[in-house]
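Here the structure is laid out as structure tokens; the discussion comes afterwards.
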Amino acid sequence: MSIRRVVLFIGPPGSGKGTLAQLCVQKLGWVQISTGDLCRQHMAQGSDLGKKIDFAIKSGKLVSDALINAMVFDWFKEYTPVSDTVILDGYPRTVQQAKDFKQLLSQFDPSLALIVVAFDIDDKTVIERLSSRYVCQNKECQKVYSLRPGSSLAPQKEMICDDCGDPLGRRKDDEPVAIKERLKVYHQHEQELLSFYKKSGYSIWHLKSDMPLKELFALFKEKMGGC
Ligand code: ADP
């Protein structure tokens, strides 16, 4: 097995990138790399890298391109393919990351297909979502839940992870001040990043992501040609 295509999920925080990626992992057997999860794993382990990125994450700022690229590049170096499709969730977020990643792919396998998916959602919905988001505190799990009334992402037992039984908690960067900062930072980079891909000849799939997850998944699968 080798990697045939890489799908980039580009979208604001809370737009459902991670949730849709998880569904693709469960239902289609794809592989997801979330640079946010990699960062949180380093922080939870208290590694030197974790200490370096702690402040940026908690205050809703971006971690430096060099550190993020190093994490992604290491992942690709060490990865033994178990699926032909890899989703990159939350990477690249800057044009510099996009350029460096393009170079990495050309060395890794120039024939790889790159699919760019942009999640479209308004800031008000994002703020509502993030304010009711809870995450499994087990650093190996990090499953995401929503406590919004009627949400299909609610845990079965109150504040307990369905998958591993660990308690749920808030992410430090889901505090109101950090949410505002993350949205600001996202919008600062969004257009430049999408323009970079357009200029490089990629068509961008826009997914309106404020619909129920089941519908979003069905629409995404249809766009991917049934996968
Ligand atoms: P969200 O997209 O909801 O903000 P993530 O879990 O993807 O959440 O990322 C959390 C934080 O990790 C970001 O606010 C940022 O500090 C850091 N991070 C994740 N991916 C990147 C990236 N590609 N470049 C820079 N920083 C990143």
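For T94, all conditions in the list (1) free of Cβ contacts under 8 Å to residues at least 60 places away in the same chain; (2) among the hydroxyl-bearing types (S, T, Y); (3) within 14 Å of the ligand (Cβ to nearest atom) hold save one; what is the number of the exception?
T94 satisfies all of (1) free of Cβ contacts under 8 Å to residues at least 60 places away in the same chain; (2) among the hydroxyl-bearing types (S, T, Y); (3) within 14 Å of the ligand (Cβ to nearest atom) except (1).
Restricting the search to the range 156-197, which residues are basic (K, R) and either open to solvent by less than 30 Å² (accessible area, probe 1.4 Å) or closer than 13 Å to P13 by Cα (or both)?
Result: R171, K180, R182, K184.
Which one of the conditions (1) near the ligand (Cβ under 10 Å from one of its atoms); (2) open to solvent by 60 Å² or more (accessible area, probe 1.4 Å); (3) touching a helix residue (DSSP H, G or I) at 6+ places or on another chain (Cβ under 9 Å) does K99 fail to meet, given that it meets all the rest?
Here K99 meets the rest and fails (1).
For the range 137-155, give me each residue that is part of a loop (DSSP other than H, G, I, E, B), among the polar types (S, T, N, Q) and open to solvent by less than 60 Å² (accessible area, probe 1.4 Å). Reasoning before the result, please.
Here is the first cut: in the range 137-155, the residues part of a loop (DSSP other than H, G, I, E, B) are 137-143, 147-155.
Of the ones still in play, those that are also among the polar types (S, T, N, Q) are 137-138, 142, 151-152.
Of everything in the range 137-155, those that are part of a loop (DSSP other than H, G, I, E, B), among the polar types (S, T, N, Q) and open to solvent by less than 60 Å² (accessible area, probe 1.4 Å) turn out to be N138, Q142, S151.
Return only the number of the condition from (1) farther than 18 Å from S200 by Cβ; (2) within 10 Å of the ligand (Cβ to nearest atom) that L88 does not satisfy.
Every condition holds for L88 apart from (1).
Any idea which of Q26, Q22, Q32 is free of Cβ contacts under 8 Å to residues at least 24 places away in the same chain and away from the ligand (no atom under 11 Å from the Cβ)?
Q26
State which residue pairs qualify: first residue in contact (Cβ under 8 Å) with a residue 12 or more places away in the chain and more than 19 Å from L114 (Cα to Cα) and inside the range 203-225, second residue β-branched (V, I, T) and outside any helix (DSSP H, G or I) in any location, beta carbons under 8 Å apart, and separation of 6 or more residues or different chains.
So the pair list comes out as K208/I121; S209/I121; D210/I121.
Conditions tested, residue by residue: (1) more than 20 Å from S64 (Cβ to Cβ); (2) aromatic (F, W, Y); (3) more than 16 Å from the chain's Cα centre (by Cα); (4) at pLDDT below 95.
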site: C164; (1), (2), (3), (4): yes, no, yes, no
site: G169; (1), (2), (3), (4): yes, no, yes, no
site: E175; (1), (2), (3), (4): yes, no, yes, yes
site: K180; (1), (2), (3), (4): yes, no, yes, yes
site: H189; (1), (2), (3), (4): no, no, no, no
site: L193; (1), (2), (3), (4): no, no, no, no
site: K199; (1), (2), (3), (4): yes, no, yes, no
site: Y202; (1), (2), (3), (4): yes, yes, yes, yes
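For the condition among the β-branched types (V, I, T), closer than 22 Å to R4 by Cβ and surrounded by 16 or more Cβ atoms within 10 Å (Cβ to Cβ), what is the one hit in I121, I68, I115, I57?
I115 is the lone residue from the list that is among the β-branched types (V, I, T), closer than 22 Å to R4 by Cβ and surrounded by 16 or more Cβ atoms within 10 Å (Cβ to Cβ).
Just the residues that are of a type in the set (V, I, T) and either in contact (Cβ under 8 Å) with a residue 60 or more places away in the chain or surrounded by fewer than 12 Cβ atoms within 10 Å (Cβ to Cβ) (or both), please, taken from the range 71-84.
In the first step, residues of the range 71-84 are kept if they are of a type in the set (V, I, T); the result is 72, 80, 82.
Residues satisfying the conditions are T80, V82.
The values are calculated or read from the model by the stated rules, or taken from the named source; none is laboratory data. Quantities reported herein were computed from a predicted structural model and do not represent experimental measurements. Neighbour counts are summed over all protein chains in view; Cβ atoms, including those assigned to glycine, are modelled from backbone coordinates with ideal geometry. Calculation scope for accessible area: heavy atoms of the full protein, side chains included, ligands and nucleic acids excluded. Shrake-Rupley method; radii C 1.70, N 1.55, O 1.52, S 1.80 Å.
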